Structures are given as structure tokens and as C-alpha cells.
Amino acid sequence: KETMQKRRLSQDYRTKEKLTERKGKLERRSSESKRFVERQKEKENVIKRRLSQDYRMKEKLTERKGKLERRSSENKRSVERQKQKETMQKRRLSQEYRMKEKLTERKGKLRRRSDLEYCRSEAEKLRLARKKRRNDPFVKRMEALHAKAYMRNKRRTNKKKRFLVPAFDIFSETKKTFQSCINHGPSFVCTCCNGMFYKHSVSLAPSAVRLEQKGIKRALIERCLLGTKSFQDAEWICSTCLRNLSNNVLPDLAVTNGLRFPAVPPPLQGLTTLEERCIAPRIPFMQLRELGVDRQYGIRGNVVNVPVDVMATVTSLPRRFEETQTIALKLQRRMCYKSSYHFENVRPRKIFDAAKWLIEHSEMYKEDKITLDPTWYQEDWQGK
């Protein structure tokens, strides 16, 4: 001990000792395992020290002194505030932290407001702040301007109430606007979804160049703008399709989404209601009644599909018929009834051609095995 004390009296020896300690620390810290062991030892030493009350008090005092020294400098205070802001911003990015913060604030407010003295002091503070604001000439001027504006708006509303239009005039104006909206009827066909709309629900389809300038894909424009022209020989697009197209999305009801109506073949074109019933393999029976305030029709009760023998219906028509020949036909629910359900002039040749085409091409007719007897009609008018 005496020799060590004598050596440490020398400045050179102390500097050499410090250098050797530093080298040893650097060597130990270069290895991960040694660093881990060193951290564990430091943790254990700190835990042992903090078991002592005196050490904890000294530690708190040193922390306070360090904080006071840092806060005495304006630069250090600004750096500390900046760090606190960054940490708070990072924490508030989490939804859970924000919810916890709101709950703690609510609990704190409820706890403080339960104290009567705190409520009184808070009310006193508010009263003094209002008094201070009202003594300010600028605040006085602003309050006077706000009061004038409020009274002016009140006088305007009262004047409008005096000259209100009677209820009958309002109804007539509303009726006129409604009639002007539906004046042309639903004759505006959307070029994208082929839906029929009124004038207020559509707009003129924009050009492909204009849409490309907005950043919409060329392939999407080609799938939406199909060149379908309707009213005034112009191309229209409904508001729903235009909104989806502007968002670079294909509309759900677009025709190119597999929703195109199939073309009606020539034999089935121009069939009347009763002619359709003659070749239908099933006739549905249902009750349609007016529902609700707007009196729209709805189905009541069950829907019954009555199967029909198409061959028997067609063969009951007269054999020799021309293209333009028509006959009067009555459709009855039951033969015992006197009154007929539907009465119309039908074209037998049109019915026969439509039934023949459906038997040859329709899958439903093939599944039900519906056939026409080829010996029923004669060859002299078969090609007519």
C-alpha cells in the first residue's frame, strides 16, 4: 500500500495507470461477450447501491443539480423542449396512447372539478381574464362589430320572413322544376352502363384526350366510352360511371364487365304480349297490388308457375296462314270462366317461327324436351 501511495504521488505514474486502464477497457469493449458481462456487473452494482437510502438521496440531488444547470442556459432549455416535442409527437402517433391520454385528462378534470375550492378559483380566473379582455380597446371594437353584424343578419331574416311565398306557390314552383327535369323522359342512355336516365342524372361524355390528361389509363377509357349515342345524337355518361372513371376505376355496372344485353334474334323481335304467352313454356301467376304511400306495385302472396304444352298451343292455331294474317285470340285463366284475362289479335306465322327458333337454340326448351311436329305444317307454305 505504501509503495502504491508513493507511486501515485508521481504525475507520470498516474497518467500511465490511466492509459493502461483505458486500453484494458477498449480491449474488453471490443468483444460483445465482455461488453455484456460488463453491463451486467454495472447493473448489479447500481442495484446494490440503490438499496441504500443515502445513495438514492444523493442520486436525486445530483439529477436536480444537473437539471437546474441545464435549465439555467437558454440554449439547453430550447434543446430540451425540442426533444420533448419529438418524443410526444412519436407517442401521439399511436392510437392507444392518444386514447389513454384523453382518459387521463378526463379523469383529472373530473377529480379537480369535484373540489369546490378549485372550481371557485377557476371561475375567478375566468372572470379576471374576461375583465382584462374587455378593458382592451381592440377587443371592445371587435365585440361592437360582432354585435352590429348579428343585428344586421337578424333584421335581414325578419325581412325575408315578412315576404315569404305562400305554400301553394312553393308547391307550384316545385312541380314546375320536377316537370322540367322529366320533360324529355328517361331517354338519355349512358355510354358505359347502357342505363336509361333523366337529364339531371347524366352529362356529356368527356373526350379521351381530356381524360388522358387527367391521368386516366387508355385501356380503361376504351372500356368505358363505347360511343353509344342517344338523345340529340350525343354521347352521354351517368354521374356514377363518370365518378368511377375519374377515380381510375372500372364501374361495377359497365357493359364491358360482362353485363351486355344479348342481341334479340329476328324471329323474336316485335312479339306482342299474347304472342309471347303462346310460346312460353311456363306462365307465372301472381298478385300485383299497390303498396305504400307512393302506390308502387309489389307482389303479394305466392308466385305460381304453370307449365304449358307449347306443341298443343301452336297446333291449335289455324294451319294455312300468311305473313300478314292475324286472328283474334283470348287467353283465359280457366275454360269455365266467361270473361277472358287477355284479348288480342295475334300473328300465327310469327308465333310458329318464334317457337321453331327457340326449340332449335334455347337451352331451356331443350332441357324440357319441347318439340314441334314437322308433319303439322304443309310444304306449300313452309318457305313463305
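Data for the structure
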item	result
Residue satisfying all of: in region 265-301; modelled with pLDDT of 85 or more and β-branched (V, I, T); nearest to R333 (Cα to Cα) among these	T273
Pair list, Cβ < 9 Å and 6+ apart or interchain, from region 343-357 residues that are without any contact (Cβ under 8 Å) to a residue 40 or more places away in the chain and under 14 Å from G270 (Cβ atoms) to residues that are surrounded by fewer than 16 Cβ atoms within 10 Å (Cβ to Cβ) and of a type in the set (D, E, K, R)	R349/E322; R349/E323; R349/K384
Residue, nearest to the chain's Cα centre (by Cα), within region 124-174, restricted to residues that are closer than 30 Å to G108 by Cβ and modelled with pLDDT of 85 or more	L126
All positions within region 126-140 that are more than 24 Å from R113 (Cβ to Cβ) and surrounded by 10 or more Cβ atoms within 10 Å (Cβ to Cβ)	R134, D136, V139, K140
Of residues in region 201-230 being under 25 Å from the mean Cα position of the chain (by Cα), in a loop (DSSP other than H, G, I, E, B) and among the charged types (D, E, K, R), the one farthest from A254 (Cα to Cα)	K214
Count of residues meeting criterion [part of a loop (DSSP other than H, G, I, E, B) and under 19 Å from S246 (Cα atoms)] in region 175-194	4
Filtered residue count, region 86-125, keeping only those that are assigned to a helix (DSSP H, G or I), loosely packed, with under 10 Cβ neighbours inside 10 Å and of a type in the set (A, V, I, L, M, F, W, C)	2
Subset of region 238-277 (residues that are under 19 Å from M196 (Cβ atoms), in a loop (DSSP other than H, G, I, E, B) and among the aliphatic types (A, V, I, L, M))	L253, A254, L259, A263, V264
Candidate set from region 245-257 (those that are polar (S, T, N, Q) and free of Cβ contacts under 8 Å to residues at least 12 places away in the same chain); member that is nearest to T191 (Cα to Cα)	N257
Subset of region 250-274 (residues that are surrounded by 13 or more Cβ atoms within 10 Å (Cβ to Cβ), aliphatic (A, V, I, L, M) and more than 18 Å from S362 (Cβ to Cβ))	L250, L253, A254, V255, L274
Cross-chain or 6+ apart pairs with Cβ under 8 Å, region 222-244 first and farther than 17 Å from E212 by Cβ, then among the aromatic types (F, W, Y)	S230/F188; S230/W236; F231/F188; W236/F188; W236/F197; C238/F197
Members of region 203-229 that are surrounded by 12 or more Cβ atoms within 10 Å (Cβ to Cβ) and within 18 Å of L259 (Cβ to Cβ)	L220, R223, C224, L225, L226, T228
Filter result for N45 (among the polar types (S, T, N, Q) and under 56 Å from the mean Cα position of the chain (by Cα))	no
Number of positions in region 278-309 that are assigned to a loop (DSSP other than H, G, I, E, B) and among the hydrophobic types (A, V, I, L, M, F, W, C)	3
Total residues in region 15-35, condition surrounded by 10 or more Cβ atoms within 10 Å (Cβ to Cβ) and under 60 Å from the mean Cα position of the chain (by Cα)	4
Count of residues meeting criterion [touching a Leu at 6+ places or on another chain (Cβ under 8 Å) and hydrophobic (A, V, I, L, M, F, W, C)] in region 185-224	9
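The values are calculated or read from the model by the stated rules, or taken from the named source; none is laboratory data. Computed from a predicted model, the values in this text were never measured in an experiment. Cβ coordinates were reconstructed from backbone atoms using ideal geometry, including for glycine residues, and neighbour counts include every protein chain displayed.
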